[in-house]
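The values are calculated or read from the model by the stated rules, or taken from the named source; none is laboratory data. All values derive from a computational prediction rather than experimental measurement. Cβ sites come from the backbone with ideal geometry, for glycine too, and all protein chains shown count toward neighbours.
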Amino acid sequence: MNVIREDIDALNAILKVKLTPEDYASEVKKTLEKHRKTAKTPGFRPGHVPMGLIQKQYGKGVLSDELNKVVNKSLQNYIAENKIEILGNPIPQGDGGFEGDFNNPADFQFTYEIGLAPEVKVGLNAKSKFDYIKVKIDKKLIDKQIEDLQRRYGKLVSGDAVGERDMILAQFVELNDDASIKEGGVLHTSTISMEFVSDKKVKKELTGKKVGDKLIVSPASVSKGGADTAAMLGVTELDLPNLSEKFQLTVNEIKVMELADLGTELYDKLFGPGTIKDEKELRERVKSDLDGMFVNDSDRMLTRAVYDSLLEKTELALPDAFLKRWIKMSNEKEISDEQIATEYAGYAKGLKWQLIQSEIFKTNEIKLENQEVINFTKGLLVSNYAQYGMPAPEDAELTKSAMEVLQNQEEANRVYDMLAEQKLTKYFKETVKLNEKEVNYDEFAELAGGK
């Protein structure tokens, strides 16, 4: 067995695998002997079928399978031993890259194309400057957060007129095009939260309305659409296309959230007994919590900025023709050249980032250790429990759950990606020069929600 490498250019090469009978004959013979022991051929007892018949029936298939095994193992060993960094997998050259005669097995040669990973130089150091966007935690933002906390522990009371954050118990009656009540139409009572009415015109019309007041609306304008609209009207989503766009909305009841009083009772509910003593301490705690709440968004924006910069400034050539052919051959579903041409730019961008990230990890000895991945997964599970107000289970059970999550390949990939991004962000923050820039909340939300 002999593997020969022939370089075409810096990004493309050919590997020729040359086999002699010594490389495959013994295994082919063993496999044919197994077939002989189990073959059921009329006129012969099992194990006594002439080898010539076995060879005629199974020979080419067995030879093909064994050659594939030997060739694949040879390629993998050669690539590993010579530390060749390839992109994708080796693919047969031309129409098959094969030389040999299956009818008269002797020497065989298999020729494969390989795409070589380019050299990556990541230009990131202490001289690299990036903005680190932070929210300006001002009095207005702290006041809003405290009000939200008061609302969370407040109580609903009856109101006289609809306000922008109130709840309405409303009756919906389906109308005809001429605004008359539709006979046999929908009649249903449901709740509307003014906070979530996004149609500005309808929200303005509702604001100030009193119990008993009526107006004509489209159900979609006071709901989130789809399933939410159907639930509000007491129908199914399949019924929606057959319903009128006009409904009479009657305000039956108005509920106003009465804020909880600031004081020891509320502070203890929020942060535990004796943690906060007065409003000054509350404001300090809220400011600290807001700082912590927004840091993840600040980190994501920094990572995104560095990502965009590295993709733009890191020069990386790829073996494009090879990769397009490999994508076509390795895809489970048939894919056209036109589709590859359309989608290749996005694929190449993702591959370039993988190469850049891999180089950063290798150069800086950043690793994802197994126990670290498990602990990170456990942390995600604890956060999920907390989100639903549930206590996390004991460590043994939590570890078991984490292992079950990681056995799902899709979930495991997601966890690894999240942990890798966390490590990258830490590396970026420790490496580049950060220019801290404070912006107001609205601007921050717009920037964080960018591309």
If only one of Phe108, Phe102, Phe130, Phe98 is at negative phi, within 33 Å of the chain's Cα centre (by Cα) and either at pLDDT below 90 or not assigned by TED's automatic domain parsing to the domain that holds Glu312 (or both), which one is it? Phe130
Checking Ala227 against (1) surrounded by 13 or more Cβ atoms within 10 Å (Cβ to Cβ); (2) closer than 30 Å to Gly389 by Cβ; (3) in contact with a helix residue (DSSP H, G or I) (Cβ under 8 Å, 6 or more places away or on another chain), only one condition comes out false. Which one? (1)
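Among Leu116, Leu63, Leu19, Leu67, which is hydrophobic (A, V, I, L, M, F, W, C), closer than 30 Å to Glu315 by Cα, buried (at least 18 other Cβ atoms within 10 Å of the Cβ) and at pLDDT 90 or above?
Only one candidate qualifies: Leu116.
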Going by the structure shown, is Lys182 basic (Lys, Arg), under 43 Å from the mean Cα position of the chain (by Cα) and either surrounded by 15 or more Cβ atoms within 10 Å (Cβ to Cβ) or within 30 Å of Leu447 (Cα to Cα) (or both)? no
Can you name the residue in the range 1-54 that is touching a residue at least 24 places away in the same chain (Cβ under 8 Å) and among the hydroxyl-bearing types (Ser, Thr, Tyr) and, of all such residues, is farthest from Ile114 (Cα to Cα)? Thr31
Only one of Leu270, Leu290, Leu302 that is in a helix (DSSP H, G or I), surrounded by 14 or more Cβ atoms within 10 Å (Cβ to Cβ) and not assigned by TED's automatic domain parsing to the domain that holds Gln422: Leu270
Only unsatisfied item for Ala80, checking (1) assigned to a helix (DSSP H, G or I); (2) surrounded by 12 or more Cβ atoms within 10 Å (Cβ to Cβ), is (2)
Selected residue (only one of Lys210, Lys204, Lys214, Lys224 is more than 37 Å from the chain's Cα centre (by Cα) and either modelled with pLDDT under 95 or farther than 16 Å from Leu169 by Cα (or both)): Lys204
Considering residues that are part of a loop (DSSP other than H, G, I, E, B), touching a helix residue (DSSP H, G or I) at 6+ places or on another chain (Cβ under 8 Å) and farther than 14 Å from Val286 by Cβ, the number found within the range 122-153 is 8
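Do you know which of the residues in the range 158-179 that are part of a loop (DSSP other than H, G, I, E, B) and among the charged types (D, E, K, R) is surrounded by the fewest Cβ atoms within 10 Å (Cβ to Cβ)? It would help to see each step written out before you state the result.
Looking only at the range 158-179, we keep the residues that are part of a loop (DSSP other than H, G, I, E, B), and these are 159-166, 176-179.
With the extra rule that they be among the charged types (D, E, K, R), the set shrinks to 160, 164-166, 177-178.
Working: Asp160: 9, Glu164: 12, Arg165: 12, Asp166: 19, Asp177: 9, Asp178: 6.
In this case the residue turns out to be Asp178.
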Residues of the range 61-87 being of a type in the set (Asp, Glu) and within 34 Å of the chain's Cα centre (by Cα), which ones? Glu85
